[in-house]
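Comments concern the structure below.
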Amino acid sequence: MPDSNPTPFEPGQPLHVRLYGRPDCHLCSDAAQLLKTLHGDYDFWVENINIDDDPAIAEKLHEHIPVVTFNGANRVSVPVTDEKLRRAFKKATRIEETDHAGAAA
């Protein structure tokens, strides 16, 4: 679930990845394992959120876990796949070039 105030990507800073799930969820474990395999390709740290610790989050996500967010945005949800995670990482780390496009003119 994306945050209401996502943190913008800062080049050189690791992404804050949140994995929303439950301890007994095999799909959540699979998503965690996929994230581990991507550590060599992307700079990020993972915050594991047990949805059962927050009734509001548990009510919103209930059986729709795992959910992965990147700096509070770019949500990836079931099914979490390598392809979807890579696409989200690329989107989360894309630096807007529109500010620089007019600078050379």
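The values are calculated or read from the model by the stated rules, or taken from the named source; none is laboratory data. Quick caveat, the model's predicted, so the values are computed rather than measured. Ideal geometry is used to build each Cβ from the backbone, glycine not excepted, and the neighbour counts take in all protein chains shown.
What are the pairs, 6+ residues apart or on separate chains, where a residue within the range 1-21 that is at pLDDT below 65 has its Cβ under 6 Å from a residue that is outside any loop (DSSP other than H, G, I, E, B) and surrounded by 17 or more Cβ atoms within 10 Å (Cβ to Cβ)?
As it stands, the answer is P2/T69, since those pairs meet every condition given.
Filter the range 22-65 down to residues that are among the β-branched types (V, I, T) and touching a residue at least 40 places away in the same chain (Cβ under 8 Å) and give me whichever is nearest to E10 (Cα to Cα).
T37
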